[in-house]
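Below you'll find the structure, written out as structure tokens, and then a few comments.
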Amino acid sequence: MFHFGKVTCVCCGGRVPRREARRAQDATGACVCAACYAAWDRSGRRCVACGIPVRGIQDVGLFVDRKGLGHADCGSARVLRA
């Protein structure tokens, strides 16, 4: 009925509880759900901008316009840790 405390995932468009999503560090309040993040992690962590995998301590970023994840240095908003 009411959707208080829920956010919309940028990647899949699903509504998930705020605690099950990771938020991007920007003013838009964009989020990615845990399921989409886990699927991206399992599929090799490839950046949607450059195609190179995100490795080690590199910051993960959320591309709102491309609806995907990748390097924060490729022009995306950094994803905050859960």
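Run through the chain and list the chymotrypsin sites (Phe, Trp or Tyr not before Pro) located in a DSSP loop whose Cβ has at most 10 other Cβ atoms within 10 Å.
Qualifying residues, ordered by number: F2, F4.
With loop defined by DSSP as not H, G, I, E or B, and exposure as at most 13 other Cβ atoms within 10 Å, which is the longest segment of the chain clear of exposed trypsin sites (Lys or Arg not before Pro)?
Value returned for the longest uninterrupted segment is 1-54.
Given just the C-alpha atoms of the chain, how large is their convex hull per residue in cubic angstrom?
Dividing the Cα hull volume of the chain by its residues yields 89 Å³.
Karplus couplings for segment 36-45 from phi (6.51 cos²θ - 1.76 cosθ + 1.60, θ = phi - 60°), rounded to Hz, Gly and Pro as x?
Going residue by residue, I get 5, 5, 5, 5, 5, 5, 5, 8, x, 6 Hz, with x marking Gly and Pro.
Computing the accessible area with a 1.4 Å probe over protein heavy atoms, can you report the carbon and sulfur percentage for the chain? Don't skip to the end; give the middle numbers.
Working: 2760 of 5270 Å².
Carbon and sulfur: 52 percent of the exposed surface of the chain.
Residues with amide H under 5 Å of A77's amide H, sequence separation 5 or more or different chain, H placed in the peptide plane at 1.01 Å from N; which?
For A77, whose amide H was placed from the backbone, the distant partners under 5 Å are L62, V64.
Using the heavy atoms of the protein chains alone and a 1.4 angstrom probe, what is the accessible area of the chain per residue in square angstrom?
64 Å²
Of C11, C33, C50, which has the most accessible area and how do the rest follow, probe 1.4 Å?
C50, C11, C33
The values are calculated or read from the model by the stated rules, or taken from the named source; none is laboratory data. This one's a predicted model, so the numbers in the text were calculated from it and none came from an experiment. Positions of Cβ are backbone-derived with ideal geometry, glycine not excepted, and every protein chain shown enters the neighbour counts. The area values use the complete protein model at the heavy-atom level, side chains included, leaving out ligands, DNA and RNA. Shrake-Rupley method; radii C 1.70, N 1.55, O 1.52, S 1.80 Å.
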